[in-house]
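The values are calculated or read from the model by the stated rules, or taken from the named source; none is laboratory data. All values reported here derive from a predicted model rather than from experimental measurement. Every residue, glycine as well, gets a Cβ built from its backbone with ideal geometry; the counts of neighbours run over all protein chains shown. Ligands, DNA and RNA are stripped out before the accessible areas are found, and what is left, the full protein with its side chains, is counted by its heavy atoms. Shrake-Rupley method; radii C 1.70, N 1.55, O 1.52, S 1.80 Å.
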Amino acid sequence: MTISVETEAPTRLEGKHRAIVVCFFLGLGSLVSWNSMLTIGDYYYQLFPKYHPSRVLTLVYQPFALGTMAILAYHESKINTRKRNIFGYTLFFASTLLVLVLDFASSGKGGIGPFVGLCVLSACFGVADAHVQGGMLGDLSFMCPEFIQSFLGGLAASGALASGLRLLTKVSFEKTHNGLRKGATLFLAISTFFEFLCILLYAIVFAKLPIVKYYRSKAASEGSKTVSSDLAAAGIQTNSNQGDEDGAKQLERFSNKQLFFQNIDYAIGLFLIYVLTLSIFPGFLYENTGTHGLGSWYSPALIAMYNIWDLISRYIPLIKSLKLESRKGLMITILSRFLFIPAFYFCAKYGDKGWMILLTSLLGVSNGYLTVCVLTVAPKGYKGPEQNALGNLLVLCLLCGLFAGVALDWLWLIGKGGF
């Protein structure tokens, strides 16, 4: 059937709360596998003590995520979003399962072979991340901001869940034979389940929610071609022969270049947020924080504090009076975060664990809060196809920041004399 946006408008809010819940789980599935690999870093440091696994795996992951995202962002208006997202979640599922298989095949032993295998799977995670994060945030950018916030909350929840489970498994298995390996196996099994769940949620549930069908129909009426398969899956046929008037309407959209320069402050802001965060988290927190009374619990505790506060802070913008929407205010706040660099340096050298936990928590709070503010404010005022394109461009800038931050993270290692 062919649907009219006007006739669907009265029912556009139906299924909103269900959509928010689904977006949360889709966000959770977007990073739960990768966050599990980061959180079981102590296991990989035991297997590969000479290879700096936390830093190397992240450094392998980022170029593949960035390169794939650049290609997808350039061609976003021609890409089938449904196929893109399903492919991304399927690749996450397959790669996570293969990490488990690799561990079983190598009997939990180290060596260059298993480490190279992990690096290959890390690259697969990067490709999957580019498909899912860009595809989902582009798609959600022409829907209501609560969907973006919920998806971003799910991204942060994946880290908090991984950290919570890591601490639980550390308590449960610390004194048992192969305790770290048992905890890591449990982690990866749970991640594999979540990835399979996300495939089902996106392919079957999300597309059929009334509010999602409304927003996608609206985007299609504004010239978007990326939503046709999702609408078809929901039983809605779009009219490919829209006539001269609709064709002209589609041509009116801003180009990617125009969108980028109109929102260059948001783009630079996201880049700077993640340059700073990834220059500290997780590599510095694993390798440069010294020895303290918490012993082997110290690094997992720091990672957990970051992830928990990153998650909590992503819900602060739901309170309108606390949401920062000023473009100038956002940029000033983002730039002020660079004070964390000297703060972490001196705290690692002279401070105790209490100050380090406080700084790590503040890093998480600022990261989550500013990410949600930028990504929910930027798409306002544009048409559906433009919002989708802008969402992809902003994710590309975010991934550029991640890559640059990971590269800078190696400076901590050089400064420590880690080579």
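Using the Cβ-Cβ distance between A232 and L408 with R0 = 35 Å, the FRET efficiency computed as 1/(1 + (r/R0)^6) comes to roughly 0.20.
Taking each of K78/K225; K16/K213; K213/K320 in turn, the alpha-carbon distance tops 18 angstrom for K213/K320. When the chain is treated as a Gaussian network with alpha carbon springs shorter than 10 Å, the biggest mean-square fluctuation among S361, S255, S122 belongs to S255. Once the convex hull of all Cα atoms in the chain is built, its volume per residue stands at 132 Å³. Across the protein chains, with a 1.4 Å probe defining accessible surface, the residues V365, V120, V32 rank V120, V365, V32 from largest area downward.
Summing +1 for each Lys or Arg and -1 for each Asp or Glu among the other residues whose beta-carbon sits under 10 angstrom from that of F92 gives -2.
Solvent exposure of the chain, expressed per residue, is 41 Å² of accessible area, with all protein chains present and a 1.4 angstrom probe. With a simple spin-label model that places each label point 7 Å from the Cα along the Cα-to-Cβ direction, the separation between F193 and S255 comes to 5.0 nm.
Averaging the Cα positions of each part gives two centres, and for region 182-210 and region 252-283 these lie 29 Å apart. Helix 264-278 and the long axis of the chain differ in direction by around 20°, with both axes built from C-alpha atoms. Within the shell of other residues whose beta carbon sits under 13 angstrom from the beta carbon of T371, the net charge comes to +2, with Lys and Arg scored +1 and Asp and Glu -1.
The overall shape of region 31-70, judged from the alpha-carbon gyration tensor, is oblate: a/c is not under 1.5, and a/b is no greater than b/c. Rounding to the nearest 20 debye, state how big the charge dipole of the chain is about its Cα centre with +1 on each Lys and Arg Cβ and -1 on each Asp and Glu Cβ. Computed charge dipole of the chain: roughly 520 debye. Among K170, K78, K218, the residue with the largest mean-square fluctuation in a Gaussian network model of the chain, with springs joining Cα atoms closer than 10 Å, is K78.
Rolling a 1.4 Å probe over the protein heavy atoms of the chain, with every protein chain left in place, gives an accessible area that is 68 percent carbon and sulfur.
GNM on the chain, alpha-carbon springs under 10 angstrom: the most fluctuating residue among Y51, Y266, Y61 is Y51. When I316, I112 are compared by accessible area of protein heavy atoms, the largest-first order is I112, I316, using a 1.4 Å probe. Helix 353-377 and the long axis of the chain differ in direction by around 10°, with both axes built from C-alpha atoms.
If you take the square roots of the eigenvalues of the alpha-carbon gyration tensor of region 295-356 and sort them as a ≥ b ≥ c, do you get rounded (a/c under 1.5), prolate (a/b over b/c) or oblate? It comes out oblate by the Cα gyration axes.
Region 336-378 to region 125-151: how many Å between their Cα centroids? Measuring centre to centre over Cα atoms gives 24 Å. To test your reading of the geometry: what angle, between 0 and 90 degrees and rounded to tens, separates the Cα axis of helix 298-313 from the longest principal axis of the chain? So the helix axis and the longest Cα principal axis differ by about 20 degrees. Computed across region 1-151, the Kirkwood radius stands at 17.2 Å (inverse of mean 1/r, all Cα pairs).
Residue by residue, region 182-191 carries 3J(HN,Hα) couplings of 4, x, 5, 5, 4, 3, 5, 5, 5, 4 Hz when phi is fed to the Karplus relation 6.51 cos²θ - 1.76 cosθ + 1.60 (θ = phi - 60°); x denotes Gly or Pro.
Label-to-label distance, S321 versus I264, with points set 7 angstrom from Cα along the beta-carbon direction: 3.7 nm. When the chain is described by a simple charge dipole with +1 on each Lys and Arg Cβ and -1 on each Asp and Glu Cβ, the residue from V171, G183, I236 located farthest towards its positive end is V171.
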